[in-house]
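Structure first, commentary second.
The values are calculated or read from the model by the stated rules, or taken from the named source; none is laboratory data. These numbers were taken from a predicted model, which means no experiment stands behind them. Glycine gets a Cβ as well: all are built from the backbone with ideal geometry, and neighbour counts include every protein chain shown.
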Amino acid sequence: MALLLVFMSSLLFMLLSSYALQLLTDVRRRLPPGPRPLPVIGNLLDVLLVGKLPHRSLARLAEQYGPLMTLRLGTVVVIVASSAATAREVLQTHNTALSGRNPPDAWNGMGHAANSVFVLPPRNKWRALRRIGAEHLLSPRRLDGDALRPLLRDAVLGMLRRVSELAASGAPVEVGHAAFASVMDLQWRAMFSVGLDEPTSRELHGFAREAVAHSLRPNVSDFFPALAAADLQRVRRGFATHLARVYQLIDQQIERRRDARQAGDGDARKDDLLGVMLDMSEEQGKDAVDALVNQDFMRAFFTDIFLAANDTISGTIEWAMAELLQDPQAMTKVQQELKNVLGSKMHVEYSDINQLPYLQAVIKETLRLHAVVPLVPNKAEATVKIHGHTVPKGSTVLVNVWAIHHDAELWPEPNKFIPERFLKQQEEVSFQGAVDLRFVPFSAGRRTCLGLPMATRMIHTMLGSLLHRFKWTLLREVEGSGVDMSEKVGITMAMASPLQAMARRI
Ligand code: HEM
């Protein structure tokens, strides 16, 4: 017993002295201010328990500690930029040093992190993945070209067909799901030139969502990296189990095409993303990028593109519709604009967008209020100074996009849906963001969203077509209480209760 007491008091002494030392070191290093961390767990309770949604808890803390703030999550030092000015320091001035990533430990399941464009350090492999994605799938030239434009149009028509059937039968429409299924099918066709049948689509979606949900769970391994190998909460294993099924479906596509190419099937040389990557892998050594393209590389990239596209596009459409359903004036205004510009044309094409400024303003305002990626996670690859404070090498550097988009000095009445504010600032604020970074839904700098050209095309044409073709009303049971606008954060920030509405052909 005496021995145990001695042991416990020595342990306590060690913990307390290392805690005191840490506080002293932080002061000496001139880290940005922040709430005082508790011994061992640091500020975990401040971020994870108070308010539950980290972007909101962090915005509240920033009101107290300022636009550049330090937190300790377990043993990890986290610096949070919550204003346009500090975001500019992270995403522009010091972007070369601050564009690394600290991947969640789960992402190491199935070795995914080693080939994932989301988490790779900004070096050769990451550059190669971004180059391939931009050149062969996601550039405006490709998306507006003969190969992909028809696929984008078919996704819009497929969604309209689905909604028409529901409208005709008088059933409610799950707005996000209607858009989601079409985007998923579009992705699969653009990557593999085959469509997704409904059961596979549902299965794939379920596994992808579960995998990501695992990776975002608060995980001891992320807060105490020294313990990561033990995977105490089995988060990495959970991620791997779900990702395995996604990988399996992607492997089937790769192997089927490889076999067909080897059998000399002329039809197998397709100009889709898989075709491009297989050509590269066969040309091994011709250039440095080709040499990187193997099965692991391809499989991880297809998975990432697939994960990135789905909930982001459909989620934004769902939020926009929820806002419009509660703002009859804005709904009438956007539908009138569509009627004036499109007349009897059945759906919106991207080439119509320049004539639809109010639709554009509705989408920008939706992305401002409901940033799909509310916290952009970077890592300091070198120590830098921001506004006289130290951002130490290795620290996680979060940009709180949600806080910037709700800054009352930049956005009067920040919680209100007012598309008109973007009509006034059309010149300064594009979808790429604003020069002063007050609007950054797709982030900025070297890691800026790779899918922006696809996202803007799909959101405008899908939402515009839904609004042009149908009259929308809320379900009777929510008319009185209003739509539940609460948020949940998965891979992206989504509506906690999926939006259902009634559609009637116009
Ligand atoms: C509403 C739609 C979307 C929004 C708001 C959005 C936003 C973002 C944001 C904020 C980031 C983080 C950037 C950073 O770290 O600085 C990101 C990264 C990324 N996005 Fe998107 N995204 C959307 C749709 C898409 C689509 C459709 C694709 C692909 C088809 C895509 C592919 C990616 C990729 C690959 C990255 C990782 C970039 C990197 O780390 O280098 N996104 N996105």
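Can you tell me which residues in the stretch 177-227 are among the hydroxyl-bearing types (Ser, Thr, Tyr), assigned to a helix (DSSP H, G or I) and more than 14 Å from the ligand (Cβ to nearest atom)? Outline the logic, then answer.
Quick first cut of the stretch 177-227, residues among the hydroxyl-bearing types (Ser, Thr, Tyr) only: 182, 193, 200-201, 215, 221.
From what's left, assigned to a helix (DSSP H, G or I): 182, 200-201, 215, 221.
Answer for the stretch 177-227, where residues must be among the hydroxyl-bearing types (Ser, Thr, Tyr), assigned to a helix (DSSP H, G or I) and more than 14 Å from the ligand (Cβ to nearest atom): THR200, SER201, SER215, SER221.
Does VAL119 qualify as being within 30 Å of ILE404 (Cβ to Cβ), more than 15 Å from the ligand (Cβ to nearest atom) and either part of a helix (DSSP H, G or I) or out of contact with any Cys (no Cβ under 9 Å at 6 or more places or on another chain) (or both)?
no
Name the residues in the stretch 447-456 that are more than 17 Å from GLU135 (Cβ to Cβ) and more than 6 Å from the ligand (Cβ to nearest atom), would you?
THR456
Taking the condition of being modelled with pLDDT under 95 and over 23 Å from ALA59 (Cβ atoms), how many residues in the stretch 414-429 meet it?
Result for the stretch 414-429: 5.
Inside the stretch 252-368, counting only helices (runs of 4 or more DSSP H) that do not spill past its ends, which hold 3 or more residues that are within 16 Å of the ligand (Cβ to nearest atom) and not aliphatic (A, V, I, L, M)?
Counting at least 3 such residues, we get 295-325.
Answer yes or no as to whether GLN253 is within 26 Å of LEU120 (Cβ to Cβ) and either buried (at least 20 other Cβ atoms within 10 Å of the Cβ) or touching a Phe, Trp or Tyr at 6+ places or on another chain (Cβ under 6 Å) (or both).
So GLN253 fits the description; yes.
If PRO498 satisfies all but one of (1) touching a residue at least 24 places away in the same chain (Cβ under 8 Å); (2) closer than 30 Å to ALA211 by Cβ; (3) within 16 Å of the ligand (Cβ to nearest atom), what's the number of the condition it fails?
For PRO498, the failing item is (3).
Looking only at the stretch 95-114, decide whether some residue is part of a loop (DSSP other than H, G, I, E, B), among the hydrophobic types (A, V, I, L, M, F, W, C) and either closer than 24 Å to ILE386 by Cα or within 13 Å of the ligand (Cβ to nearest atom) (or both).
Yes, the stretch 95-114 has at least one match.
Tell me, which helices (runs of 4 or more DSSP H) wholly within the stretch 29-90 include 3 or more residues that are within 22 Å of the chain's Cα centre (by Cα)? Spell out how you get there, then give the answer.
Numbers: elements: 44-48, 54-65, 84-88.
The qualifying helices (runs of 4 or more DSSP H) are 54-65, 84-88.
Scan the stretch 138-150 and give yes if some residue there is in a helix (DSSP H, G or I) and either touching a Ser or Thr at 6+ places or on another chain (Cβ under 9 Å) or on the phi > 0 side of the Ramachandran plot (or both), otherwise no. I'd like the intermediate steps shown before the answer.
Just the residues of the stretch 138-150 that are in a helix (DSSP H, G or I), to begin with: 138, 140-143, 149-150.
Filter once more, keeping what is either touching a Ser or Thr at 6+ places or on another chain (Cβ under 9 Å) or on the phi > 0 side of the Ramachandran plot (or both): none.
Scanning the stretch 138-150, I find no residue that is in a helix (DSSP H, G or I) and either touching a Ser or Thr at 6+ places or on another chain (Cβ under 9 Å) or on the phi > 0 side of the Ramachandran plot (or both), so the answer is no.
Restricting to the stretch 151-176, count the residues that are within 23 Å of the chain's Cα centre (by Cα) and in a helix (DSSP H, G or I).
To start, the set of residues in the stretch 151-176 that are within 23 Å of the chain's Cα centre (by Cα) comprises 151-152, 155-156, 159, 174-176.
Cutting the leftovers down to in a helix (DSSP H, G or I) gives us 151-152, 155-156, 159, 175-176.
Residues meeting the conditions: 7.
Tell me, which strands (runs of 3 or more DSSP E) lie completely within the stretch 379-438 with 1 or more residues that are more than 16 Å from the ligand (Cβ to nearest atom)?
On the way: elements: 384-386, 389-391, 396-400.
Once the strands (runs of 3 or more DSSP E) in the stretch 379-438 are filtered for at least 1 residues that are more than 16 Å from the ligand (Cβ to nearest atom), what remains is 384-386, 389-391.
For every residue, the table says whether it meets (1) out of contact with any Cys (no Cβ under 7 Å at 6 or more places or on another chain); (2) under 23 Å from ALA87 (Cβ atoms); (3) modelled with pLDDT of 85 or more.
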| site | (1), (2), (3) |
| --- | --- |
| PHE431 | yes, yes, no |
| VAL440 | yes, yes, yes |
| THR448 | yes, yes, yes |
| VAL483 | yes, no, no |
| VAL489 | yes, yes, no |
| MET502 | yes, no, yes |
